[in-house]
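See structure below.
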């Protein structure tokens, strides 16, 4: 009898994560994860109460990975790095991005936790440290909408092969205009 091979929770999560990155969320099944592990489905079912639980862990892992991209120093500006990181993540992980944001409307908690982490990250941008939280939140909301729009187009192939530098410049130009507009309105009290 061959020795029993055991798999850790991390082994299973990593196999599921790679599966979603390669094939999308619809491909996530115990059978396909087991195939990646060269195993039966038993380790998957004994480690996770349901495939829904495993899916949530994979999506949270995607969120954490996306936040890592947003912390990279793509430029000398923290806020711009967040947007560039989001687009770089999307370019490299289209199917995962689609699973996180475009596959269904059940990931609201995931998106809210991502936005909350980005709000905290914004506090590290010296340009915004004296601004009221409401103004910073509005800046983030506007740029989230714009950047998420570009990322959605990347997922659909429109900007799929566009160089990251071009996308960075788009986000920078729009971000500069949005920041000026919101700061002007905040100064005027409107």
Under 19 Å from a point 7 Å along the Cα-to-Cβ line of residue 141: which residues of segment 75-109 have their amide N that close? 83, 108-109
Taking the 0 to 90 degree range and rounding to the nearest ten, how far is the long axis of helix 9-23 tilted relative to the main principal axis of the chain, both from C-alpha atoms? 70
Point-to-point label distance, residue 116-residue 180, nm (Cα→Cβ direction, 7 Å offset): 3.6
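Which whole-number percent gives the relative contact order of the chain, counting Cα pairs below 8 Å spaced six or more residues apart?
Here the relative contact order equals 20 percent.
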Rounded to whole Å and sorted largest first, list the principal axis extents of the Cα atoms in the chain. 76, 33, 29
Given the rule -39500 (n - 2.57) for each run of at least 4 DSSP H residues, summed and divided by the residues of the chain, what is its mean residue ellipticity at 222 nm, to the nearest 500 deg cm²/dmol? -22500 deg cm²/dmol
Cβ-derived FRET efficiency at R0 22 Å, residue 53 paired with residue 163, nearest 0.05: 0.05
Can you give the angle from 0 to 90° between the axis of helix 51-71 and the longest principal axis of the chain, with both taken from C-alpha atoms, to the nearest 10? 40
How tilted is helix 164-188 with respect to the longest principal axis of the chain? Cα atoms for both, answer in degrees (0 to 90, nearest 10). 50
Under the 7 Å Cα-to-Cβ spin-label approximation, residue 103 and residue 35 lie apart by a distance in nanometres of 1.6
So if each residue of separation counts as 0.36 nm, and I subtract the Cα-Cα distance between residue 124 and residue 6, what length gain in nm does that give? 38.2 nm
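We did not get these values from a lab; they are worked out from the coordinates using the rules stated. Because the structure is a prediction, the values reported are computed rather than measured. Backbone-built Cβ (ideal geometry, glycine too); neighbour counts: all protein chains shown.
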